[in-house]
Structure formats: structure tokens, C-alpha cells
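The values are calculated or read from the model by the stated rules, or taken from the named source; none is laboratory data. Computed from a predicted structure; not experimentally measured. FYI the Cβ positions are ideal-geometry reconstructions off the backbone, even for glycines, and counts take in every protein chain you see. Side chains included, ligands, DNA and RNA excluded: accessible areas come from the protein's heavy atoms. Shrake-Rupley method; radii C 1.70, N 1.55, O 1.52, S 1.80 Å.
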Amino acid sequence: MKVLKFGGSSVASSENINKVISIVKDSANKNKVAVVVSALGGVTDLLLEAGNLACSGNKDYIKTFEIIEEKHVQVVRELIPINNQSNVLGEIKKMLNKLENTLEGVFLINELSNKTSDKIVSFGELFSSFIIANAMQTNNLDAVLKNSQELIVTNNNFSNAAVLFPKTNANIEDFFKQNNSKIVMLPGFVAKTENGEVSTLGRGGSDYTSAIIAAATNASVLEIWTDVSGMYTANPKFVREAFPIPNISYQEAMELSHFGAKVLYPPTIQPILKKEIPICIKNTFEPDAEGTLITKESSNNNPIKGISHIENMALITLEGSGMIGIPGISKRLFEALSLEKINVSLITQASSEHSICFAISNNDALKAKTAIDTEFSYEIEHAKIEPVIVEENNAIIALVGDNMKSHQGISGKMFSTLGRNNVNIRAIAQGASEKNISAVILHKDIKKALNTLHSEFFENQTKQLNLFVVGVGNVGGKLLEQIKQQQAFLLKNLRLQVRVIALTNSKKMVFNEDGIDLENWKVALEKGTALNMDLFHQKVTDLNHRNSIFVDNTANENISKLYASYLKESVAVVTCNKIACSSNYTNYLNLKQLAREYNAPFLFETNVGAGLPIIDTLKNLIASGDKVNKIQAVLSGSLNFVFNNFNEENSFYNVVEQAGIQGYTEPDPRIDLSGVDVMRKILILARESGTRLELYDIENDSFLPKASLAVDTVPEFIETLKLEAEHFNKIYKKAAANNCRLKFVAEFDNGKAKVGLKEIPSNHPFYNLDGSDNIVLFFTDRYPVQPLIIKGAGAGADVTASGLFADIIRIGNN
Ligand code: ADP
Ligand code: ASP
Ligand code: MG
């Protein structure tokens, strides 16, 4: 005989129940089958809700009752042909009346014991098994209904009763010996005590019912039919990349389910274990999928089979000097918990015995605190032990596998992976059998922790980069274009999956957790919500993705002030905005320190020379032990354009105007012509070389005449350039007479920096600098005479975007 169990979602609607019937029919063609069913999906929760509402004197329990009623009546109408409908409905109505009476009783006396609660929830499985058995008979299947309450006998621990196996097994054996039908339909979850009172086996207990029946009947297999295609490497609702484990041992399945893999109710394996009955987890909605086979030993060699987690845990710590070396403290502690029926999921004790720390369900936290504080009241009063510390909102995450013990380095890898992603670990436990390594983490980190561990231990090491992009102007737009073009290449060749999760322009923002479609980002942004950088930050924090990167494509000071808040959330920052790095030194230093502290890179390669690898080269020189002694550079594409085109025919005024029209200068050309932009850049290079410098420390030998510096507005400024033509012509002629060209040069030497216009002779590397190119000469201990030179296009949206992209990929390759 086979035993098949169908869970709540498998029987949630008439459409699903028809799928169940067809699976059972196929099976019954070959074998006798026992079919165990859960309540229709969601009904157990509704029954509990109705009970709780009634108990608290809230009349809305009637509304909930009506929803339950309607659900079942509808399924009957859809499944049972008219000629038999009224019979079935009549029976259902009778049961509904009983349920309604019980609820009314609870409402009147405002009391709901576990015993009464069991009476109420048991209706879920009684309804479903009755309806499905009738639907099978309607389909001409040889099916009978047997109430499991007549077979399974339990103790009085209502809501989570323990099965009395000798009686139960005898009942089941007797029944199945006498039964001749091909299909026996049974409600899961429900049972009765020796006195005949209704009891239940705990939430998720239908799995257990089916295992009890399989064991007692020596079934050839137990099939658990559910809404996923097996036991997955992690809960597929949290980890998109999780996949079904084809084969797993009883021990491993038990560990995974104990640590939260809800797909199997933890006690299910127990009755099966001795008899070595295989369990198969199958998907009702994809019956052809292979599923998971659970047997004594698994043939799967991976030392880690899965990662599971339990939510809503409280971490409790008992500590005090009075605990050291005193025998019996743990005994008293756990006895106090056991008397309150509190289940402990994880325990750690330092070898100093100064403290014991353990995890229990949030729901039990208060009860536990009271029980322990009472037990140790004498010690607490005499300051030998501290009052218990309770920290709620934690979770346990566990790696599970039988063979972990024969592999070194797994826990090291687990904790370093979590640490790298800034998942704070509150407590850890690893048994000597090493079937399970578990850690207590904060509830908010669950998704990130599961996904990082999953990608570390199960995925082909594809790394996901999650981008939050601010600014989609010239540079931002180009960046998105480049990412779109390279996505497939990066995935294939660097195993990097780059996803743009959020975008903003100056008015709107849009988020898409699955990644914004870069073909249509403009449409998506158009449909977005009003820009609010506080909300933006909140969302990034709430999403709490690993490898998150905040990308700033703006030149906005307010945005640059947000970097610290992102770094503190372990979100990396990549920016072409120069303001942060050229603001005061303490701020710059703080950002660099935060980046180190929170393991979140802060990269700004494009602050100097757009896409040219200037800062990265500098960093590599320093990291490898070199020392920068001098930097000479031409760092302004705009000034380069201006002085490359200014000559006797083409006046200074004209060239500046042209540069503006062609987009080579800022809308306010003074930022370029005054040299401030170049000052910022050399400041950043000096700081990256290890020198503490402020913007005001930099000498600026301005080539502008006094009159140009004195005016307030851009038009007035441009006008002075015309009026002062002679001033500029003189500078030009002098240089020409010396066979030199004019370049605006930045220098850093011996801890000091200056910028200014220089006459460059023809044998100097700066002489032949075209268009808007940049050049940097690094004189270092290793390059004392012949400098290390970096030269190339140093301005423009395309190269700036590619510099940002390179920073993003640097983070990916890290
Ligand atoms: P049923 O109603 O069929 O008993 P459950 O809801 O009890 O189904 O269990 C199935 C659910 O278990 C899945 O939908 C999934 O969300 C959850 N789950 C948690 N961990 C795992 C895991 N490791 N593998 C598969 N499912 C898991
Ligand atoms: N219906 C019960 C529950 O929801 C038992 C089960 O489905 O396994 O917990
Ligand atoms: Mg279940």
C-alpha cells in the first residue's frame, strides 16, 4: 500500500482537488492507497481566527465563520453533481452547525482552552476529507472515508498532542486488515484522547498523520504532495535560485524541517525511521517533477544539503558571576522552561560558564523570562545572577548536511560569508555530530543571509550586484546603456549578474526588485513615484540586498551628503560626483573609514580624468608599497579645449563661447576657468596619495584678470573676457615667443599642491595634448625619473559612464 498526503494548497479549490483526484486515481490503478488530506488551504487559520475573535467577545467571528461556510459550500457546488449535492451539503451544514455552536459557546463564556480550540480547528480536516471522499465516489473511484480520530489516540496535550503508539498502531492495523476498498480517505491532523476528546497533532500535523499510517501499515512509500517540487536547498519563497534536492537522508530532512523547512512537519520522520519507508515529496501542480526522495542514506555527495531558517525567535541570556563552577544551574534553567512547556531551539554556553544563551519562540519569551527570574530569584536578589535578558526579533539560520563533519572549513566559510555581507551573528551552535551549524541573526537579515549562503554553497558562484542609480542625465543614461549592452557578457564571463533595482531623475523614482528592464527604463521611471530621497534610503535599507551599490551620477551636493548613510547600511557607493571627496578632509576620511568598517566599497574613479584609471593606479602603487613624491597633471578637459583653440585669429572670448556651446565647459564657465575644478581634482589625488590637505591649502595662480574675477553674473563675466582681450593675447604671445603652448597644470609636490597656467615647451609630455585629453605623471620611489604616465580622453559622458561601470565591476570582482 502507498500513503499519499495532500496539503492545504493542494486542496484549496475545486480545481486543485480535481488535480488531486487524478493523481490518486493513477496511483490506485496500481496499488491500494491511503489518502490523507489537510483542511482546504487557509481554513485552519480562519478557524483559529474565528475562535480567537469569539473568545475576545468580538462578533466579527460570525463573519469569519461565514467565510469558512462559503468556501466549503462553493467547493461542494463545483465538485459534486447536482443529484448528490444536497446530500453532501446537508452533511456539511450539520457539521457547520456544530462548529457555529461551539464558536457561540466560546463567545458567550469568553474562554478558549486548547481543548476547545482543537475541537474548532478539527473541523477543517473533517470538512475537507468528507468533501473529497464524496468527490472521489462521484468519479466512480472505490473510495471510503475513515475518520482518523477513530484510529489515532493521543495524550491530553491539546493542540500539540503526543501519539500513544501501541493503541494507535493496533487500531490502524485492524482497520486496514478489514478494509477492502482501493482508496481510504482520512483527515490529517485530527485525533482523539483516550477519553474520546478531540485533539490535534500540532500545526502542519497532517504530514505526521500520514507518516503514522504509513508506518503502521508498512506502506511501500509515503508521498507528501504539496505546492513545491520537493525539499529545496532553501525556502524557495525567499531564495529564487533554490532548487529541489533530489535525494536526502532521514536525518538531514529532519534537521532541515526542525530548522524551519516547513515543507515537512518535523515529527513526520520519526514513525517512518525504523521501518525505512521512503518518503517522496511531490508537487501537486507539477506531478511530473522528480521531487525529493528521503531515504536512510542519500547518494548526494554535497556535504551541505540545505539551508533553513526559523523566524520569530527570541534570544535569552542568563549570566552572572554566581554561575561559574556551580553545578546544577543549567538543570534548574531548563527544568523551569520544561515545566512551562517551552521548546528550546538552540543553546550555547561559553566554557567560562559565565553565561548561557538560548533561543526560543518569540511567543514564549515573556513566559520564559518570568519562569527563569522566579527560579533564580534568590541569586538575582543577591546579585549573583543578572535578571534574564530577552532580545526578540531574531531568527535562526542553519546549514544542514550529514557529511559536514568530514569537510573542514564549512563553518568558517559560513560565518565569513555572513560577516562580509554585514549580517550580524548573535549566537552560534554546532553539535559535535556536525549535521547542523546554526546561527542566530536579526530577523531583518534573513533574506540576505539565506541568499548569500545559498550563493556561496549552492550556486555556480554567480554574484548578483544590485544597483540603486541616482541621476539619469547624460552620464546616467550612458551608464544604463552600457549596462544593458554588457549584462549577458558579464553573466557569462565574469559570473556577475548586474541588476538595476532603482532609478531616479530629479522628479521621480522607481523600484523593481526583479531588476528594471533596461530596454524600457524611461517608461518605468515615468510611471514611478515622486522623488523622495528619505524614502529611497528607507527602501534600499528595507530591501537589504547583498551587494547593493548606490550609484550617484549627479553633481548634486545634497546627494553627496547621503553617502555616509548608505555606507553605514553596508551599501557600497560609486560616484562621479566630486563634491564629497573634495569637501573637508574629515568628511572625506570619515567616508573612507565607514567604507572599511562596514565592508562597503566607496569608489570614485571618475572624480579625476573621467574613465581613465588614475585613482585605481594610484591606489595600487600605494598598496604595493610605493610612495608618491610628485604629481604633475593636466586635468581639465575644458581648459585644454580652450587653450588648444585660442590663438591670434581666434580670440579668448570666442573660444570660451564656443566651448560653452559645444558643451566642453560647465554652464557657468567660471567653475572651469577659475581653476576650482582642477583644484578639486588635484586635492583628491593628493589625499589619495596619503596627504592631509584642504581645498584652501591649494595655491591657485589664476590667469584671469582682476576685472573678470570681480563681476557677479555669467554674462558680465563673458563680457569682461571681451574687454580684457589684450590681457589674454599677451599671455598667448609670450608663450608663442618662447615656442611654448599654454596648459593649465596641476602639481602636487612635497606635500603641497598648486594649479595654474604654464608655458609648456615642445619636449614636455604635456605639449602634444589634444582636444579634451587629460594626462597625469606620477613620480614615485619606483618611478623617480621616468614617471608613470596615464593619458587619454578625460571628459565626456561616454567615458565617465564607463569609469563608473568599471567601479561597479571592481566591486563585483572583489
Ligand atoms: P502543505 O500545505 O502542502 O503542507 P506547507 O505550506 O506546509 O505545505 O509546506 C510547503 C511550503 O514550505 C512551501 O510552499 C515553502 O514555502 C515552504 N518551505 C520552507 N522551506 C522549504 C524548503 N527548504 N523546501 C521546500 N519548501 C520549503
Ligand atoms: N491544517 C493543519 C494546519 O494548517 C494541518 C496541516 O495542514 O498539516 O496546520
Ligand atoms: Mg505542511
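What to note about this one:
- Residues in the stretch 279-331 that are polar (S, T, N, Q) and either within 30 Å of Ser9 (Cα to Cα) or within 12 Å of ligand 1 (Cβ to nearest atom) (or both): Asn283, Thr284, Thr292, Thr295, Ser298, Asn300, Ser308, Asn312.
- Cross-chain or 6+ apart pairs with Cβ under 9 Å, the stretch 8-19 first and touching a residue at least 24 places away in the same chain (Cβ under 8 Å), then of a type in the set (Gly, Ala, Ser) and more than 11 Å from ligand 1 (Cβ to nearest atom): Gly8/Gly124; Gly8/Ser128; Val11/Ser128; Ser14/Ala135; Ile17/Ser128; Ile17/Ala135; Asn18/Ala135
- Filtered residue count, the stretch 264-306, keeping only those that are within 16 Å of ligand 2 (Cβ to nearest atom), open to solvent by less than 20 Å² (accessible area, probe 1.4 Å) and assigned to a loop (DSSP other than H, G, I, E, B): 2
- Just one of the numbered conditions (1) in contact (Cβ under 8 Å) with a residue 12 or more places away in the chain; (2) more than 14 Å from ligand 2 (Cβ to nearest atom) is not true of Ser210: (2).
- The residues on offer are Glu241, Glu173, Glu197, and the sole one that is in contact (Cβ under 8 Å) with a residue 12 or more places away in the chain, of a type in the set (D, E, K, R) and either under 30 Å from Lys341 (Cβ atoms) or within 16 Å of ligand 2 (Cβ to nearest atom) (or both) is Glu197.
- Considering (1) farther than 15 Å from Pro266 by Cβ; (2) in contact with a helix residue (DSSP H, G or I) (Cβ under 6 Å, 6 or more places away or on another chain); (3) within 11 Å of ligand 1 (Cβ to nearest atom), the lone condition that Ile245 does not fulfil carries the number (2).
- Of residues in the stretch 124-148 being open to solvent by 20 Å² or more (accessible area, probe 1.4 Å), in contact (Cβ under 8 Å) with a residue 24 or more places away in the chain and assigned to a helix (DSSP H, G or I), the one farthest from Lys71 (Cα to Cα): Thr138
- Filtered residues of the stretch 643-666 (kept if part of a loop (DSSP other than H, G, I, E, B), open to solvent by less than 60 Å² (accessible area, probe 1.4 Å) and in contact (Cβ under 8 Å) with a residue 12 or more places away in the chain): Phe646, Asn647, Ser651, Thr665
- Residue among Asp402, Asp445 that alone is farther than 30 Å from Phe489 by Cα and in contact with a Ser or Thr (Cβ under 7 Å, 6 or more places away or on another chain): Asp402
- Some residue of the stretch 468-477 being out of contact with any Leu (no Cβ under 9 Å at 6 or more places or on another chain), open to solvent by 60 Å² or more (accessible area, probe 1.4 Å) and closer than 30 Å to Gly663 by Cβ: yes
- From Ile68, Ile17, residue being at pLDDT 95 or above, outside any loop (DSSP other than H, G, I, E, B), surrounded by 21 or more Cβ atoms within 10 Å (Cβ to Cβ) and within 16 Å of ligand 1 (Cβ to nearest atom): Ile17
- The set of residues in the stretch 21-65 being within 16 Å of ligand 3 (Cβ to nearest atom), out of contact with any Asp or Glu (no Cβ under 7 Å at 6 or more places or on another chain), outside any helix (DSSP H, G or I) and not β-branched (Val, Ile, Thr) consists of Leu40, Gly41, Gly42.
- The stretch 1-13, residues that are surrounded by 18 or more Cβ atoms within 10 Å (Cβ to Cβ) and away from ligand 2 (no atom under 16 Å from the Cβ): Lys2
- Among the residues of the stretch 238-256, not one is hydrophobic (A, V, I, L, M, F, W, C), open to solvent by 50 Å² or more (accessible area, probe 1.4 Å) and under 15 Å from Cys280 (Cβ atoms).
- Here the stretch 20-37 is the region considered, the condition is being over 18 Å from Gly291 (Cβ atoms) and in contact (Cβ under 8 Å) with a residue 24 or more places away in the chain, and the residue that is nearest to ligand 2 (Cβ to nearest atom) is Val37.
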